[in-house]
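Handing you this structure, nothing more for now.
The values are calculated or read from the model by the stated rules, or taken from the named source; none is laboratory data. Predicted, not measured: the structure shown is a model, and the values here were computed from it. As a convention, Cβ positions derive from the backbone with ideal geometry for all residues, glycine included, and neighbour counts pool all protein chains shown.
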Amino acid sequence: MNGSVLTLLAVILAGLMLLGALGTALRFRTRAAIGFGGAGLTGLAAVLVLVALVAREDPVQLVLPIGLPGRDFHLLLDPLSGFFALLVFSVGTASIVYAAEADPTGSPTSLAAMVIAVASLGLVALAGDSLVFATGLTLAGGATWATEQTDARAHAAPDVLLVTLLGGAAVVTVTWLAGAGGGPLGFTSGQPIRWPESLAALPWLALMIGLAPLAGLAPVQRARTSASETTPWGAAALKGAAVPLAFYALLRLMFTLTVRPLPAWCGLLLLLPGVAALLIGGVRAAREDTLDAILNAGSVRHSGVTATAFGLAIIARALDLPQIAALALAAVLAASAVQAVCGTLALLCAGAIHLGTATRHLSRLGGTIHTMPVCTVCLLAGLFGLAAVPPGPGFAVIWLLFQALLAETQAAGSAFQAVFVIAAAALGLGTALSVAALVRMVGVVCLGRPRTPRTAAAKPLSRAAATPLLCLAGASAILGVLIGPVLRVLADPAIREILGTSLGPRASLVGVALVPGGRGYPGLPVTLLVALAWASAVWIRRRLQPAGIRTGPAWEGGFAAPPPWLPFGEPLTQTSGMGFTPFPEELPWPSLAVRWPAFSRVRGTAVAVVILALLLAIVRLMPR
Amino acid sequence: MTLLLAAIAQALHCGLVALAAPTVGGLLRGIEARLAGRSGPPPLQPWHDLIRLVRKQTAAAENASALFQAAPPVVLATTVVAVSVVPSFSTGMLFASVADLLLLVGLVTLPRASLALAALDVGTASGGLAAARAMSLTCLVDPAVFLAILALGVLGGTTNLDLLVGLQRVGMLQPSSACALAAVSLSAVTVASSDYSDLLTEFSGVDLAMVSFAEDLRVLFWLNLIAAVFLPIGMATTAAGPVAWIVGLLAWALKLAVLTGVLAVFRYAIGRRRHPSMLLGATCVLGLLATVVALASSAAV
């Protein structure tokens, strides 16, 4: 069955590319055709991948009728690629529907480019060799860049494009090196790398450097300028699906391409940047002043969590602790799912607030819960999922990560133990910072009083545009409450493919345990207990106050009543979002954005074509 | 039969902590006042306050949203779940399998975040300041708690509270120096984070009764946690029978009284709000030391 599914998926990808190309070339007058067609095809692809994952059939490969001379292009559907393809197609569907419905007056070309971007990311997830992977990644970067070019009507910096090109080049190079110069570029080679022992980790180091910007571990995102004020959020939300694909490439190449475990210090190469990203991203997320900067920093923090878990998985495999490695890999996969679902949800909600209030600055927002209640609730759900608060999915990730950390602390040598202890403290701080960022963003943006007349008259989302947000919020809730079944059905086959061992009965309906039938994180019982206690509390309150709630003016703590020309109250009496971390505001933290030179569309495309041509020429010259 | 006993012990535990929480809160405030040279409220004053509050009609600010009204039940529910899984007089209760230390930390973080959001919802200066202060304090509390949990996990090989208590009872949670450091670390966390009263100023009536009760439960949660992990003297098992349960109950009451007194003395000596960041910084160092000692001892073994 998987063979038929993969063929269908290939047809769907081709259909999406065609739809996007036609939409761009013919400049359809209506966005509905592109939106409906794109979302329908992407949704169908998600369903097909889900069916294939649940069926648990053997991996299949498909040779595409296109390719380079002498080098065919391949698609691959196995549990690992299926897991990430499911994330891409699910999140892609929601993003396309949102982009089509949230702003009906937007550019159809932009939406068409977005459809191409989703198809390209799907191509990356289903790539059977590094050439398809690199091509898909470059196309996705180009399409995202083109989307920004179209809507912003300004010269966008080519950071996305260069990041994807760099990632693709790293994957092609490492696949070639892993094949020791004579092997194929396929993802199923399974060959031991023929490098000397002392140099065996060098290709993986190159891979990590190449993919670090895509994974969010290297600060390459451009600093926002007034020219990019109107950047479309639907396309920006695709970052939620693109970042996990960097970890997919690392998983694919570092675990399945070579049969020999990497040395333990290779794990530190991911763990240490992961811890740094966790802290820097966490602090910046609780201090930034704009919606996109906060969510970008939050994404970096979450990437740090994923990288830390990844590093622990490598170390556990090197220490011959397969059960712990499985636990750490489960954390990587769960974190990727959280990043995709909750990260995208938060980005889309922030986009809706930006669209409704025409600002992304915290100092101009406030009180959107009264004008945009659905969007506010969905933003809360997305940030709750990203933060480490039970019973959210982010907490399940932290629990898995901490258990792997604890087990490896007991098993590793003293040098590693020192790193693990620091990582545990950083994890605690990162967890608290994620909660602080949640409270700060929701509190300042959505609660309190509006700070400007424009915010007070924010335009709510249409029902059609709110639907994908609600679906993602539902998916986030399912991820958190039913983390055991989700891991068992969707992630466990991938873990088995990577490690040869799996969580097995440790992931059950109840939650995740350290040993089969043992005690662990009971996601479902805890949720039921809290729900029962909450229902009882609500019932008691209703019984105790049958007269309901009386409302009156808020007590301003002794401040004088605001003058008539301040209809939203004295701005100084409302929090500005400062002081949510214990670190002094003047303390310099590394920036997560850099200034890029702006490229025109022609020059940017020319640069991209030249780099891609060089890449393909190098591949062509590689010995077969 | 075991399941029935576990359920009875759990129900008894829940009832007892509900009764004990406001009393402990009253005792704490009374001792603090005495130490400061004031007569202070009687220990049962919180009960009088709760009865008075539930008879009053709840008032809310005009611009308060639905989130403000949803916060008190969420705060109470999550705190009740957290405190109900920490063993008091007996181990092996019905919710023992849920009692993971990390989960418990998460469950006490959620009410704090809910209260901070409710404080921000009204849009007043005091609410914003209180929310920022609470979140800032959380950033100092969590690393210390994570390190203490890591130390206990290294010593016991698990983060499940019930199993850790079982190991401590049979003297398997060694070395005791690491345990002592972790105990001091968690005690300092209890002292530094035992007062969030400035987050409650926007509530009134039944809502204020709910969040006040939850605050008392939270203090009891920390005291219970320290008593269970580090002082499991006299603690029964569910299968041990009624006599052991009575002994466990008496021991629990005694431990609670002593710990309440110690907490009051520390709160008075250190000052509730003077330097929580310095205290929590020291707490992190203690947690780090506890982990180092635990790792050193495991390496020696």
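Output yes when any residue across the stretch A:559-575 is more than 29 Å from A:Leu438 (Cα to Cα), free of Cβ contacts under 8 Å to residues at least 12 places away in the same chain and in contact with a helix residue (DSSP H, G or I) (Cβ under 6 Å, 6 or more places away or on another chain), and no when none is.
No, the stretch A:559-575 contains no residue that is more than 29 Å from A:Leu438 (Cα to Cα), free of Cβ contacts under 8 Å to residues at least 12 places away in the same chain and in contact with a helix residue (DSSP H, G or I) (Cβ under 6 Å, 6 or more places away or on another chain).
Can you tell which of A:Leu433, A:Leu405, A:Leu400 is touching a Lys or Arg at 6+ places or on another chain (Cβ under 8 Å), buried (at least 24 other Cβ atoms within 10 Å of the Cβ), of a type in the set (A, V, I, L, M) and within 12 Å of chain B (Cβ to nearest Cβ)? Don't jump to the end; show me each part of the working.
Values: A:Leu405 fails: touching a Lys or Arg at 6+ places or on another chain (Cβ under 8 Å); A:Leu400 fails: touching a Lys or Arg at 6+ places or on another chain (Cβ under 8 Å).
One residue alone meets the criteria, A:Leu433.
Among the numbered conditions (1) of a type in the set (S, T, N, Q); (2) crowded, with 23+ Cβ neighbours inside 10 Å; (3) not in a loop (DSSP other than H, G, I, E, B), tell me where A:Gln417 comes up short.
(2)
Also, quick follow-up: Just checking, does the stretch B:213-225 include any residue being surrounded by 23 or more Cβ atoms within 10 Å (Cβ to Cβ) and at pLDDT below 90?
no
Let me ask another. For the subset of the stretch A:533-554 comprising residues that are at the interface with chain B (Cβ under 7 Å from one of its Cβ atoms) and in a loop (DSSP other than H, G, I, E, B), which member is nearest to the chain's Cα centre (by Cα)?
A:Ala554
Would you mention how many residues in the stretch B:198-242 are touching a strand residue (DSSP E or B) at 6+ places or on another chain (Cβ under 9 Å) and of a type in the set (A, V, I, L, M, F, W, C)?
Start the filter on the stretch B:198-242 by keeping residues that are touching a strand residue (DSSP E or B) at 6+ places or on another chain (Cβ under 9 Å), which leaves B:202-205, B:207, B:228, B:232, B:235-238, B:240.
Going one step further and asking which of them are of a type in the set (A, V, I, L, M, F, W, C), we end up with B:203, B:228, B:235-236, B:240.
Matching residues across the stretch B:198-242 total 5.
Return the total of residues in the stretch A:466-516 being in a helix (DSSP H, G or I) and in contact with a Gly (Cβ under 6 Å, 6 or more places away or on another chain).
5
Report, by residue number, each residue of the stretch A:445-465 that is more than 7 Å from every other protein chain (Cβ to nearest Cβ) and either out of contact with any helix residue (DSSP H, G or I) (no Cβ under 8 Å at 6 or more places or on another chain) or outside any loop (DSSP other than H, G, I, E, B) (or both).
A:Val445, A:Cys446, A:Pro453, A:Arg454, A:Thr455, A:Ala456, A:Arg463, A:Ala464, A:Ala465 - these are the residues of the stretch A:445-465 that are more than 7 Å from every other protein chain (Cβ to nearest Cβ) and either out of contact with any helix residue (DSSP H, G or I) (no Cβ under 8 Å at 6 or more places or on another chain) or outside any loop (DSSP other than H, G, I, E, B) (or both).
A quick yes/no check of all residues on (1) among the hydroxyl-bearing types (Ser, Thr, Tyr); (2) under 18 Å from the mean Cα position of the chain (by Cα); (3) at pLDDT below 90; (4) not in a loop (DSSP other than H, G, I, E, B):
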site	(1), (2), (3), (4)
A:Ala249	no, yes, no, yes
A:Arg252	no, yes, yes, yes
A:Arg260	no, no, yes, no
A:Gly267	no, no, yes, yes
A:Leu271	no, no, no, yes
A:Ala293	no, yes, yes, yes
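Going residue by residue through the stretch B:243-254, is there one that turns out to be of a type outside the set (Gly, Ala, Ser), under 28 Å from B:Met93 (Cα atoms) and surrounded by 24 or more Cβ atoms within 10 Å (Cβ to Cβ)?
Yes: one or more hits.
Hey, A:Leu295 hits all of (1) closer than 23 Å to A:Ser576 by Cβ; (2) touching a Lys or Arg at 6+ places or on another chain (Cβ under 8 Å) but one; which does it fall short on?
(2)
Another one. Could you list all residues from the stretch B:30-56 that are touching a residue at least 24 places away in the same chain (Cβ under 8 Å) and either within 14 Å of chain A (Cβ to nearest Cβ) or among the hydroxyl-bearing types (Ser, Thr, Tyr) (or both)?
Within the stretch B:30-56, B:Leu50, B:Leu53, B:Val54, B:Lys56 qualify.
Of everything in the stretch B:85-100, what is part of a helix (DSSP H, G or I) and buried (at least 24 other Cβ atoms within 10 Å of the Cβ)? Give them in sequence order.
To start, the set of residues in the stretch B:85-100 that are part of a helix (DSSP H, G or I) comprises B:85, B:96-98.
Once the filter is applied, which keeps residues that are part of a helix (DSSP H, G or I) and buried (at least 24 other Cβ atoms within 10 Å of the Cβ), the stretch B:85-100 yields B:Val85, B:Val98.
Which of the residues that make up the stretch A:479-526 are basic (Lys, Arg) and buried (at least 20 other Cβ atoms within 10 Å of the Cβ)?
A:Arg488, A:Arg506, A:Arg519
Right, A:Leu64: out of contact with any helix residue (DSSP H, G or I) (no Cβ under 6 Å at 6 or more places or on another chain) and within 30 Å of A:Thr501 (Cα to Cα) or not? Talk me through it step by step, then tell me what you get.
Details: out of contact with any helix residue (DSSP H, G or I) (no Cβ under 6 Å at 6 or more places or on another chain): yes; within 30 Å of A:Thr501 (Cα to Cα): no.
Criteria not met by A:Leu64.
In the set A:Gly385, A:Gly356, which member is under 11 Å from A:Lys459 (Cα atoms), more than 13 Å from chain B (Cβ to nearest Cβ), in a helix (DSSP H, G or I) and touching a residue at least 24 places away in the same chain (Cβ under 8 Å)?
A:Gly356
Within the stretch A:519-530, which residues are aliphatic (A, V, I, L, M) and either outside any helix (DSSP H, G or I) or more than 8 Å from chain B (Cβ to nearest Cβ) (or both)?
A:Leu524, A:Leu528
Check A:Leu470, A:Leu482, A:Leu509, A:Leu503 and return the single one that is touching a helix residue (DSSP H, G or I) at 6+ places or on another chain (Cβ under 9 Å) and either on the phi > 0 side of the Ramachandran plot or within 14 Å of another protein chain (Cβ to nearest Cβ) (or both).
None of the other options fit; the residue is A:Leu509.
Can you run down the residue pairs with Cβ atoms below 6 Å, 6 or more apart or on separate chains, where the first is in the stretch B:3-23 and under 17 Å from B:Leu44 (Cβ atoms) and in a helix (DSSP H, G or I) and the partner is at pLDDT 90 or above and charged (D, E, K, R)?
Close Cβ pairs (under 6 Å, with a partner that is at pLDDT 90 or above and charged (D, E, K, R)) amount to B:Ala21/B:Asp216; B:Pro22/B:Asp216.
Okay, moving on. Would you please list the contacts, defined by Cβ atoms under 9 Å and residues six or more apart or on different chains, that run from a residue in the stretch B:57-70 that is at the interface with another protein chain (Cβ under 7 Å from one of its Cβ atoms) to a residue that is aromatic (Phe, Trp, Tyr) and not in a helix (DSSP H, G or I)?
Pairs found: B:Thr58/B:Phe203; B:Ala60/B:Phe203; B:Ala61/A:Trp555.
Being surrounded by fewer than 24 Cβ atoms within 10 Å (Cβ to Cβ) and at the interface with another protein chain (Cβ under 10 Å from one of its Cβ atoms): is that true of B:Arg133 here?
yes
Hey, can you tell me all the residues within the stretch A:532-570 that are of a type in the set (D, E, K, R) and surrounded by 14 or more Cβ atoms within 10 Å (Cβ to Cβ)?
From the stretch A:532-570, those of a type in the set (D, E, K, R) are A:541-543, A:550, A:556, A:570; that's our starting set.
The answer is A:Arg541, A:Glu556, A:Glu570.
Here's something else I'd like to know. Looking at this structure, is A:Ala340 among the small types (Gly, Ala, Ser), touching a helix residue (DSSP H, G or I) at 6+ places or on another chain (Cβ under 6 Å), assigned to a helix (DSSP H, G or I) and away from chain B (no Cβ under 14 Å)?
yes
On to the next question. Taking the options B:Leu150, B:Leu164, B:Leu155, name whichever one is more than 9 Å from chain A (Cβ to nearest Cβ), closer than 20 Å to A:Gln403 by Cβ and touching a Gly at 6+ places or on another chain (Cβ under 9 Å).
Exactly one residue qualifies, and that residue is B:Leu164.
Here's the yes/no breakdown for (1) among the polar types (S, T, N, Q); (2) closer than 26 Å to B:Asn63 by Cα; (3) more than 10 Å from every other protein chain (Cβ to nearest Cβ); (4) free of Cβ contacts under 8 Å to residues at least 60 places away in the same chain:
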position	(1), (2), (3), (4)
B:Pro87	no, no, yes, no
B:Thr91	yes, no, yes, no
B:Leu104	no, no, no, no
B:Ala119	no, yes, no, no
B:Thr124	yes, yes, no, no
B:Gly127	no, yes, no, no
B:Pro143	no, no, no, no
B:Val170	no, no, yes, yes
B:Gln174	yes, no, yes, no
